[in-house]
Amino acid sequence: MKIAVLGAGAWGTAIAAVLSARHEIVLWGRDPGQCRDIAAARCNRRYLPEIALPPQLAIEPVFASAVSAAELVLVATPTAALRDILTRLAPLRKPVVWLCKGFEPQSAELPHQIAAKVLAPGNAYGALSGPSFALEVARGLPTALTLASADAGFSQATARALHGSRLRVYFSSDLVGVEIGGAVKNVMAIATGIADGLGLGANARAALITRGLAEIARLGVKLGGRPETFTGLTGAGDLILTCTGDLSRNRRVGLGLAQGKKLDVVLGELGHVAEGVHTAAALEKRALELGVDMPITQSVCAVLFGGVSPREAVEQLLARDPKGEA
């Protein structure tokens with residue numbers, strides 16, 4: 001299959017490299033200079049320097065050339081850039097799958113809501129999500145993902161096309177649930193990073209992950225997701241990985257904040273997009289609009305944007321009145 005991967009960050013580069021063993025892949029990035037450097041070095045020195053790219057992987061700096069022959073487009077840009085990419089793709093009516101996870105900061109919309117407004121009726125689309133560090137995927141370590149679409153036939157056929165021995169791809173029709181799991185877990189990972197950075201221990205980490213999953217499920221079901229989705233790869237699986245793994249960007253944001261660093265300093269040191277920071281405010285807004293109780297999310301937003309110290313935010317969470325577990 002001819003596939004265009006749009007977005008030459010770590011995740012886009014990793015998925016392009018792995019899929020190029022079985023498909024004809026073109027990788028595009030918004031910075032032509034970076035694309036030329038990747039093509040010359042056969043390595044993404046900025047975002048994935050550890051990985052040598054396979055010789056058959058094509059690098060294309062021109063958007064139109066990258067997508068012209070594609071039978072499938074994988075969008076691996078941050079969520080904030082998705083609307084622009086889909087707008088550019090809309091006239092071509094190409095099947096599209098996005099790999100980004102989060103709410104659009106400006107509109108507080110999920111990716112499928114953006115696609116429904118931008119793409120033409122009948123244009124097939126979906127999300128590929130799950131517990132997946134780009135570096136491990138690029139190294140060929142075993143990974144399992146879920147491809148979700150409201151079009152069950154499209155999700156099944158595309159999952160089978162992308163599926164491989166080291167990259168297992170399941171399919172689902174619960175697009176809302178899959179997107180919610182991928183979006184909210186990043187905010188929970190910031191909270192877990194804060195707790196770990198403050199030295200609160202493994203008990204606190206387990207509690208945050210568990211109560212974080214409850215927040216994800218509450219919001220997801222309210223928006224139409226299926227409860228069982230949140231115990232699967234794109235719910236509990238992605239949450240556990242992002243909250244505990246040393247490669248987690250969002251967890252590293254929390255660790256930095258717990259050390260007393262300012263947010264802009266933490267993000268500058270990170271050098272990558274941390275979707276949880278961009279998602280948190282939009283997530284809090286949607287939860288308030290829907291009347292969904294999300295205290296961990298509110299605490300993360302208080303630290304990120306409200307001038308509340310990490311330790312004070314933790315104390316406020318611990319001071320909440322006891323209630324039934326649900």
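Which of the residues that make up region 61-77 are of a type outside the set (Ser, Thr, Tyr) and open to solvent by 50 Å² or more (accessible area, probe 1.4 Å)?
Matches in region 61-77: 62, 64, 69, 71.
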Report summary line: With the first residue restricted to region 40-60 and required to be closer than 12 Å to residue 134 by Cα, and the second required to be at pLDDT 95 or above and in a loop (DSSP other than H, G, I, E, B), Cβ contacts under 6 Å at 6 or more apart or on different chains are 47/9
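For the structure I just gave you, tell me whether residue 206 is part of a helix (DSSP H, G or I) and surrounded by fewer than 21 Cβ atoms within 10 Å (Cβ to Cβ). Full working, then the answer.
Numbers: part of a helix (DSSP H, G or I): yes; surrounded by fewer than 21 Cβ atoms within 10 Å (Cβ to Cβ): yes.
Criteria met by residue 206.
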Query raised in the report: Within the bounds of region 19-31, is there any residue that is in a helix (DSSP H, G or I) and more than 19 Å from residue 71 (Cβ to Cβ)?
Result: no
Query - Residues satisfying the stated conditions in region 55-102, i.e. out of contact with any Pro (no Cβ under 9 Å at 6 or more places or on another chain) and at pLDDT below 95 - result: 78
Query raised in the report: Got at least one residue in region 89-101 being surrounded by fewer than 20 Cβ atoms within 10 Å (Cβ to Cβ), out of contact with any Phe, Trp or Tyr (no Cβ under 6 Å at 6 or more places or on another chain), of a type outside the set (A, V, I, L, M, F, W, C) and assigned to a helix (DSSP H, G or I)?
Result: yes
Query raised in the report: Which residue out of 273, 277 is open to solvent by 50 Å² or more (accessible area, probe 1.4 Å), at pLDDT below 95, of a type in the set (Val, Ile, Thr) and within 21 Å of residue 110 (Cα to Cα)?
Result: 273
Report task. Pull up region 250-269, narrow it to residues that are in a helix (DSSP H, G or I) and more than 15 Å from residue 196 (Cα to Cα), then point me to the one that is least open to solvent (accessible area, probe 1.4 Å). Result -> 266
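Go through region 99-119 residue by residue and tally those that are in contact with a His (Cβ under 9 Å, 6 or more places away or on another chain) and closer than 15 Å to residue 149 by Cβ. Give the steps one after another, and end with the answer.
Of the residues in region 99-119, the ones in contact with a His (Cβ under 9 Å, 6 or more places away or on another chain) are 102-105.
Checking the rest, the ones that are also closer than 15 Å to residue 149 by Cβ come to none.
Summing the residues that are in contact with a His (Cβ under 9 Å, 6 or more places away or on another chain) and closer than 15 Å to residue 149 by Cβ in region 99-119 gives 0.
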**Report entry** Scan of region 230-243 for residues that are under 16 Å from the mean Cα position of the chain (by Cα), surrounded by fewer than 22 Cβ atoms within 10 Å (Cβ to Cβ) and assigned to a helix (DSSP H, G or I), ordered by number
**Finding:** 236, 237, 240, 241
Report task. Please verify whether region 270-282 includes one or more residues that are touching a residue at least 40 places away in the same chain (Cβ under 8 Å), among the charged types (D, E, K, R), outside any helix (DSSP H, G or I) and under 16 Å from residue 188 (Cα atoms). Result -> no
Report task. Kindly establish whether residue 247 is part of a loop (DSSP other than H, G, I, E, B) and either surrounded by 20 or more Cβ atoms within 10 Å (Cβ to Cβ) or under 17 Å from the mean Cα position of the chain (by Cα) (or both). Result -> yes
Query raised in the report: Checking residue 137 against (1) of a type outside the set (Gly, Ala, Ser); (2) under 16 Å from the mean Cα position of the chain (by Cα); (3) within 20 Å of residue 216 (Cα to Cα), which test does it fail?
Result: (3)
Query - Scope region 209-229; condition open to solvent by 30 Å² or more (accessible area, probe 1.4 Å) and either touching a strand residue (DSSP E or B) at 6+ places or on another chain (Cβ under 6 Å) or in contact (Cβ under 8 Å) with a residue 60 or more places away in the chain (or both); matching residues - result: 211, 218, 222, 223
**Report entry** Residue within region 9-23 that is open to solvent by 40 Å² or more (accessible area, probe 1.4 Å) and without any contact (Cβ under 8 Å) to a residue 40 or more places away in the chain present
**Finding:** no
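Residues are listed down the side, and each one gets a yes or a no for (1) closer than 30 Å to residue 288 by Cα; (2) touching a strand residue (DSSP E or B) at 6+ places or on another chain (Cβ under 8 Å); (3) aliphatic (A, V, I, L, M):
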{"residue": "128", "(1), (2), (3)": "yes, yes, yes"}
{"residue": "138", "(1), (2), (3)": "no, yes, yes"}
{"residue": "158", "(1), (2), (3)": "no, yes, no"}
{"residue": "162", "(1), (2), (3)": "no, yes, yes"}
{"residue": "180", "(1), (2), (3)": "yes, no, yes"}
{"residue": "189", "(1), (2), (3)": "yes, no, yes"}
{"residue": "198", "(1), (2), (3)": "yes, no, yes"}
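Answer yes or no as to whether residue 286 is closer than 20 Å to residue 311 by Cα and surrounded by 15 or more Cβ atoms within 10 Å (Cβ to Cβ).
Numbers: closer than 20 Å to residue 311 by Cα: no; surrounded by 15 or more Cβ atoms within 10 Å (Cβ to Cβ): yes.
No, not satisfied.
The values are calculated or read from the model by the stated rules, or taken from the named source; none is laboratory data. Worth saying up front: this structure is predicted, and the values here are computed from it rather than measured. Here Cβ is always computed from backbone atoms with ideal geometry, including for glycine, and neighbour counts include all displayed protein chains. Each accessible area value is taken on the protein alone, full model and side chains, heavy atoms only, with ligands, DNA and RNA left out. Shrake-Rupley method; radii C 1.70, N 1.55, O 1.52, S 1.80 Å.
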